[in-house]
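The values are calculated or read from the model by the stated rules, or taken from the named source; none is laboratory data. Here the structure is a predicted model, which is why all the values come from computation and not from measurement. Virtual Cβ from ideal backbone geometry, glycine too; neighbours counted across all protein chains shown.
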Amino acid sequence: MPRKTPRILVLSATLLTGGVLTAIPAHAVSGGTTVPAGTSGYLARIATPTKACSAALIDPSWVLTSASCLTAEANGAPTENATVSVGAVDVGTGAGTRAKVVKVIGRSDRDVALAKLDKPAAGITPVALATTAPTSGETLQLAGFGRTATEWVPARPSTASFAVSAVNATEVSVTSASGSDTCLGDAGGPALRTVGDKVEVVAVNSRSWQHGCLAVTETREGSTEARVDDLADWVRQNTVPAPVSCPNGATVWDARSDGSMWRYVHRDPANGTVSWAEPTGAVGTGWTGRQVAGKDGVVWDVHRNLGAGDSVPSGVLRRWTWSAANGWGGGNGVGGGWEKFLTPEFQNRVTVDQAGRIITVDQQGQLKVYLWNDATSTWVNGNGQVIDTGWGKFDSITAAGDGVLYARTPAGNLYRFVYDFGAGKWTQRDKSAGVGWNMFTEIFSPGADILYGRGASLSGNPTLLWYRYSPNTDTWSANGAGTPVGYGWNTDIHVTAAPDSCRFAD
C-alpha cells in the first residue's frame with residue numbers, strides 16, 4: 001500500500017508575494033466547520049518560506065507539531081526560518097500573536113516535534129496534553145489551518161469529527177463518516193479529545209489520502225495521526241527546566257584580601273534562595289595566591305610566595321583537601337610553572353569541572369586539560385592535554401558541569417561550550433549565552449549550569465548575582481537578569497565554589 005501523503009501545504013507563488021486568496025466561509029478540514037473567532041486560541045499556524053502547516057500551543061513558549069513540518073539543524077535551530085501565529089489568527093488580515101521558531105526537537109519514532117518560540121504567547125491558554133491512549137470507536141476532533149474543500153488558504157482553522165478505527169504504539173488511524181480527510185497544511189494540527197470542560201491533545205495530524213480536499217481527486221479515504229498521549233515525560237524533559245540536585249548546598253571558598261580563607265555554604269543554589277550557612281571565623285591564613293575548588297573537598301592553590309620564611313616559590317600548584325571533621329590536609333606541591341595564573345591577565349583563565357579536570361587557557365590561546373589521579377597521587381597528564389586552540393580571545397572561563405564551559409570575551413559576551421571527553425569532541429560550541437558579563441570580576445560555578453558573578457554593583461552595593469541555565473529548554477532563570485544572593489563580595493582576592501556541589505537530577 002503506498003504511503004499516504006504528508007499534509008504540509010507548499011506555499012504558492014501567490015501566497016509568497018502576499019496575495020492571499022480571498023477567503024470564503026470554510027466547510028472543511030475537507031468537510032468540517034470553521035473554528036469561531038475568539039475560541040481555541042491554542043490552534044497555531046506555522047509558516048516557512050516553502051510551506052505552511054499547523055500546530056497546538058502546549059506551553060506559552062512551545063508548540064507541538066509534526067516532524068515533517070519542522071526539522072532541526074545539529075544545534076537545534078530550524079532548518080528554515082519559521083513563524084508561528086497563535087491566538088486570534090486570521091491569515092487574511094494578519095491578525096494573531098506571532099513568534100519565531102528558535103529551536104526544534106523532533107522524534108525519530110513518530111511524526112512529532114516540539115518547537116520553541118522566541119517569546120511567550122502571552123494571554124493565550126495552552127491546550128493540555130492527553131495522558132490516556134485513544135480507543136477504537138472514540139470520536140476525536142481534528143483541527144488545522146490546511147486547505148479545505150473550497151479554499152487554498154483558509155483565513156481561520158477548521159475542525160471536523162473523526163472516529164478512531166485503529167491504534168498502534170505510535171499512530172492512530174481515523175475516518176470520517178462524511179468522507180472528510182485532513183488536507184495540505186493540516187500537518188501537525190491537533191487531534192483533540194473533550195472530557196467534561198477540558199480539551200486535550202491526543203495526537204497530531206501526520207498524513208492522509210486528502211479525500212475531499214480542493215484539487216484532489218483521490219477516492220481513498222482515511223487519515224493517520226501520530227500519538228502524543230504517551231509523550232508527557234518527553235515533553236516535560238524538553239520544555240520544563242531540568243531539575244537540579246544540590247544535596248549539601250554549594251560550598252563556596254572565599255579568600256580575602258588579608259589572606260584568610262572562609263568557608264560558606266549556599267543552602268539553596270538550585271533555586272537562588274538567599275539562604276547561607278555563614279562561618280563564624282576563618283579556616284586558614286596565607287591564601288594569597290589563586291585558588292580554584294575541585295571535587296571531593298579539594299582546593300587547588302597556585303601559591304604566591306609570602307616572602308621571608310616562605311620556602312614555597314610562587315607558581316607552585318598545591319593540592320589541599322578539606323573535611324569537616326579534620327579541617328585541611330595535604331598542601332603538597334604537585335607542579336610548577338603556574339605563576340601566570342597569579343596575573344590579572346590569566347587569573348580567570350583557570351577553572352575545574354565537575355569531574356575534577358583542571359582546565360586552562362595558556363599563553364598561546366590553547367585550551368588545556370589536566371587530570372589528577374587520586375588513587376596514585378600523580379598526574380594522568382602532567383603537561384596537559386590540548387583540546388582546542390584560539391581561546392586567547394576569552395578573558396575568563398568557568399566550568400559548570402562535566403565538560404561544560406562558559407567563556408567570556410573582554411567585551412562581556414558569554415558563550416557556552418560542551419566537550420564530550422569520552423568521544424573527544426565538542427557537542428556544543430560558541431553558543432551565545434548573554435552579554436554584559438564584563439561587569440563581573442569573577443564568575444564561578446557549583447555545577448549544573450549554575451553561575452555566580454561577583455564584582456557588580458547594584459544601587460551602589462557590591463552584589464553577588466546568581467544565574468541558572470537550563471540546557472534542555474535553552475532558558476535562563478529570571479530571563480537571565482540575575483538574582484541577588486549576597487552583598488559585600490568585593491574585597492576578596494578570589495571566590496570559588498566546589499564544582500561537584502550540584503548536578504542535574506535523574
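Working only within the range 394-420, note down all residues that are under 13 Å from TYR469 (Cβ atoms) and in contact with a helix residue (DSSP H, G or I) (Cβ under 6 Å, 6 or more places away or on another chain).
Listed by number, the list holds a single entry, LEU414.
Yes or no, residue by residue, for (1) in contact with a Ser or Thr (Cβ under 7 Å, 6 or more places away or on another chain); (2) within 23 Å of GLY488 (Cβ to Cβ):
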{"position": "VAL283", "(1), (2)": "no, yes"}
{"position": "GLY289", "(1), (2)": "no, yes"}
{"position": "GLY297", "(1), (2)": "yes, no"}
{"position": "GLY333", "(1), (2)": "no, no"}
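Is the range 378-393 home to any residue that is out of contact with any helix residue (DSSP H, G or I) (no Cβ under 7 Å at 6 or more places or on another chain), crowded, with 19+ Cβ neighbours inside 10 Å, within 25 Å of VAL435 (Cα to Cα) and assigned by TED's automatic domain parsing to the domain that holds ASP449? Even if it seems obvious, please write down each step before you answer.
Here is the first cut: in the range 378-393, the residues out of contact with any helix residue (DSSP H, G or I) (no Cβ under 7 Å at 6 or more places or on another chain) are 378-393.
Subset that is crowded, with 19+ Cβ neighbours inside 10 Å: 391.
This time we only want the ones that are within 25 Å of VAL435 (Cα to Cα), so: 391.
From the residues that got through so far, the ones that are assigned by TED's automatic domain parsing to the domain that holds ASP449 too are 391.
For the range 378-393, residues out of contact with any helix residue (DSSP H, G or I) (no Cβ under 7 Å at 6 or more places or on another chain), crowded, with 19+ Cβ neighbours inside 10 Å, within 25 Å of VAL435 (Cα to Cα) and assigned by TED's automatic domain parsing to the domain that holds ASP449: present.
Select from the range 68-124 the residues that are among the polar types (S, T, N, Q) and in contact with a strand residue (DSSP E or B) (Cβ under 6 Å, 6 or more places away or on another chain) and write down the one among them that is surrounded by the fewest Cβ atoms within 10 Å (Cβ to Cβ). Before the answer, list the steps.
Pass one, the range 68-124, residues among the polar types (S, T, N, Q): 68, 71, 75, 79, 81, 83, 85, 93, 97, 108.
Filter again for in contact with a strand residue (DSSP E or B) (Cβ under 6 Å, 6 or more places away or on another chain), leaving 68, 83, 85, 97.
Details: SER68: 21, THR83: 16, SER85: 23, THR97: 20.
So the residue we want is THR83.
Give me a count of the residues in the range 345-356 that are crowded, with 23+ Cβ neighbours inside 10 Å and of a type in the set (D, E, K, R).
Of the residues in the range 345-356, 2 are crowded, with 23+ Cβ neighbours inside 10 Å and of a type in the set (D, E, K, R).
Please state which one of ALA226, ALA232, ALA169 is of a type in the set (A, V, I, L, M), more than 30 Å from ALA448 (Cα to Cα) and surrounded by fewer than 19 Cβ atoms within 10 Å (Cβ to Cβ).
ALA169
Please verify whether the range 89-98 includes one or more residues that are among the acidic types (Asp, Glu) and in a loop (DSSP other than H, G, I, E, B).
Scanning the range 89-98, I find no residue that is among the acidic types (Asp, Glu) and in a loop (DSSP other than H, G, I, E, B), so the answer is no.
Please go through the range 473-482 and give me each residue that is surrounded by 15 or more Cβ atoms within 10 Å (Cβ to Cβ) and part of a loop (DSSP other than H, G, I, E, B), ordered by number.
THR473, ASP474, GLY482
Inspect all residues belonging to the range 307-319 and state whether any of them is closer than 14 Å to VAL283 by Cα and part of a loop (DSSP other than H, G, I, E, B).
no
Out of ALA203, ALA250, ALA163, I need the residue that is among the hydrophobic types (A, V, I, L, M, F, W, C), surrounded by fewer than 20 Cβ atoms within 10 Å (Cβ to Cβ) and touching a strand residue (DSSP E or B) at 6+ places or on another chain (Cβ under 9 Å). Which one?
One residue alone meets the criteria, ALA163.
For the range 483-500, how many residues are in a loop (DSSP other than H, G, I, E, B) and under 22 Å from GLN347 (Cβ atoms)?
Of the residues in that region, 6 qualify.
Among the residues of the range 219-234 satisfying the criterion of being in contact (Cβ under 8 Å) with a residue 24 or more places away in the chain and among the β-branched types (Val, Ile, Thr), which is farthest from ALA115 (Cα to Cα)?
As a first pass, look at the range 219-234 and keep what is in contact (Cβ under 8 Å) with a residue 24 or more places away in the chain: 221-232, 234.
With the extra rule that they be among the β-branched types (Val, Ile, Thr), the set shrinks to 224, 228.
Numbers: THR224: 21, VAL228: 15 Å.
By that ranking, first place goes to THR224.
Can you tell me how many residues within the range 437-472 are out of contact with any helix residue (DSSP H, G or I) (no Cβ under 6 Å at 6 or more places or on another chain) and outside any strand (DSSP E or B)? Show your work before the answer.
Start the filter on the range 437-472 by keeping residues that are out of contact with any helix residue (DSSP H, G or I) (no Cβ under 6 Å at 6 or more places or on another chain), which leaves 437-455, 457-467, 469-471.
From what is left, the residues that are outside any strand (DSSP E or B) are 437-441, 448-449, 459-460, 471.
Number satisfying all stated conditions: 10.
Scan the range 30-50 residue by residue and report those that are in a strand (DSSP E or B), touching a residue at least 40 places away in the same chain (Cβ under 8 Å) and crowded, with 20+ Cβ neighbours inside 10 Å. Let's see the steps before the verdict.
Initially, the range 30-50 is screened for residues in a strand (DSSP E or B), giving 33-34, 43-47.
Narrowing further to those that are touching a residue at least 40 places away in the same chain (Cβ under 8 Å): 33-34, 43-46.
LEU43, ALA44, ARG45, ILE46 - these are the residues of the range 30-50 that are in a strand (DSSP E or B), touching a residue at least 40 places away in the same chain (Cβ under 8 Å) and crowded, with 20+ Cβ neighbours inside 10 Å.
I'd like to know if the range 319-326 contains one or more residues that are free of Cβ contacts under 8 Å to residues at least 60 places away in the same chain, buried (at least 16 other Cβ atoms within 10 Å of the Cβ) and of a type in the set (Phe, Trp, Tyr).
So in the range 319-326, the residues free of Cβ contacts under 8 Å to residues at least 60 places away in the same chain come out as 319-326.
Filter once more, so that each one left must be buried (at least 16 other Cβ atoms within 10 Å of the Cβ): 319-322.
Right, trim to of a type in the set (Phe, Trp, Tyr) and you get 320, 322.
Yes - at least one qualifying residue is present in the range 319-326.
Identify, from the list GLY137, GLY87, GLY106, GLY92, the residue that is out of contact with any Phe, Trp or Tyr (no Cβ under 8 Å at 6 or more places or on another chain), modelled with pLDDT under 90 and closer than 28 Å to SER161 by Cα.
Selected residue: GLY92, the only one of GLY137, GLY87, GLY106, GLY92 that is out of contact with any Phe, Trp or Tyr (no Cβ under 8 Å at 6 or more places or on another chain), modelled with pLDDT under 90 and closer than 28 Å to SER161 by Cα.
Just name the residue that is farthest from CYS502 (Cα to Cα) out of those in the range 320-356 that are assigned to a strand (DSSP E or B) and aromatic (Phe, Trp, Tyr).
The first filter runs over the range 320-356 and keeps only residues assigned to a strand (DSSP E or B), leaving 320-323, 327-335, 350-352.
When the remaining residues are screened for being aromatic (Phe, Trp, Tyr), the result is 320, 322, 328.
On the way: TRP320: 21, TRP322: 18, TRP328: 22 Å.
Of everything passing the filter in the range 320-356, TRP328 is farthest from CYS502 (Cα to Cα).
What number of residues in the range 281-318 are farther than 23 Å from TYR452 by Cβ, surrounded by fewer than 19 Cβ atoms within 10 Å (Cβ to Cβ) and not small (Gly, Ala, Ser)?
Total meeting the criteria: 6.
Return the pairs, sorted by first residue and then second, in which the second residue is crowded, with 24+ Cβ neighbours inside 10 Å and of a type in the set (D, E, K, R), the first residue lies in the range 60-77 and is in the same structural domain as ARG227 (by TED's automatic domain parsing) and under 13 Å from GLY106 (Cβ atoms), the beta carbons are less than 7 Å apart, and the residues are 6+ apart or on different chains.
Going by the 7 Å Cβ cut-off, the qualifying pairs are SER66/ASP111; ALA67/ASP111; SER68/ASP111.
Looking only at the range 164-199, filter to residues that are within 22 Å of ASP109 (Cα to Cα) and of a type in the set (D, E, K, R); which one of those is modelled with the highest pLDDT?
GLU171
Looking for something farther than 17 Å from GLN366 by Cα, in a loop (DSSP other than H, G, I, E, B) and polar (S, T, N, Q) - is there at least one such residue anywhere in the range 409-431?
There is at least one residue in the range 409-431 that is farther than 17 Å from GLN366 by Cα, in a loop (DSSP other than H, G, I, E, B) and polar (S, T, N, Q).
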